[in-house]
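The values are calculated or read from the model by the stated rules, or taken from the named source; none is laboratory data. Quantities reported herein were computed from a predicted structural model and do not represent experimental measurements. We place every Cβ from the backbone using ideal geometry, glycine too, and count neighbours over all the protein chains shown. All accessible areas refer to the heavy atoms of the entire protein, side chains included, with ligands and DNA or RNA removed. Shrake-Rupley method; radii C 1.70, N 1.55, O 1.52, S 1.80 Å.
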Amino acid sequence: MEPMDNPPERQTAAGKVLWHFTMSLDGFVAGPGHAMDWMTGFTSRPGLIEEYTETTGAVLGGRRGWDAFPHADAIYGGAWKGPLFVLTHHPEDAQPAEGVTFLSCDVAEAARIGLEAAAGKNLEVFSPTIGRQLLERGLIDEIDLHIAPVLLGDGVRLFDNPGGAPVRLELLNGSERTAEVFVRYRPAPA
């Protein structure tokens with residue numbers, strides 16, 4: 001099966017908790033120190049950014065990501081505006097920012113608050129740690145991954161759960177829910 005033989009259906013604003021990332025082929029969603037400078041030079045399906053900006057009602061992120069990249073106005077290149085929640089154990093030392101609410105609560109409560117603020121649209125989770133915790137509690141509705149044609153070799157993994165049990169997933173684009181996804185790349189010239 002070629003990757004675009006069964007392209008994903010358009011994202012819908014359906015009040016979902018959506019764990020959403022662009023990820024390197026080797027499973028990293030950020031480089032060392034949460035670096036995002038590797039996320040350039042890639043193309044995506046026309047209208048993809050608009051699709052997510054229209055269906056996202058709120059964003060939930062983590063403190064380490066926020067501290068590394070404290071720019072609420074940069075989500076989807078600045079095309080998305082809405083409530084951003086940052087879950088942290090230490091809200092008292094967080095630098096206040098317009099449109100950002102720092103939460104210090106249980107991860108399930110943070111998701112509930114985010115979904116309420118999303119007002120019927122999706123709550124996008126932009127944190128590997130929060131996403132893993134929500135997944136463990138059965139609170140992730142979908143995982144949207146955009147696999148970038150790059151191998152980082154180091155950084156922040158999407159799913160880091162040493163000693164944990166494997167989590168089985170169902171493929172939503174295609175008729176076979178347990179199908180593996182086939183991609184083929186070659187090293188690009190320097």
Quick one: which of 172-184, 95-107 comes out on top by average Cβ neighbours within 10 Å, and what's the full order, highest first? 95-107, 172-184
Modelling each spin label as a point 7 Å along the Cα-to-Cβ direction, I'd like the HIS34/GLU170 distance in nm, to one decimal. 3.4
For the chain, built as a Gaussian network whose Cα springs stay under 10 Å, the top-fluctuating residue of LEU84, LEU171, LEU60: LEU171
At a Förster radius of 22 Å, what calculated FRET efficiency corresponds to the Cβ-Cβ distance of TYR185 and ASP73, to the nearest 0.05? 0.10
Among MET23, THR101, ALA117, flag the residue with its Cα farthest along the positive direction of the charge dipole of the chain, charges on Cβ as +1 for Lys/Arg and -1 for Asp/Glu. MET23
Place the peptides 146-152, 127-133 in order of packing, highest mean first, counting for every residue the other Cβ atoms within 10 Å and averaging per peptide. 127-133, 146-152
Pairs of Cα atoms farther than 15 Å apart, the range 65-148, %: 61
Within the range 115-190: Cβ-based charge dipole about Cα centre, in debye rounded to nearest 20 (Lys, Arg +1; Asp, Glu -1): 220
Per residue solvent-accessible surface (Å²) - the range 1-109, probe of 1.4 Å: 55
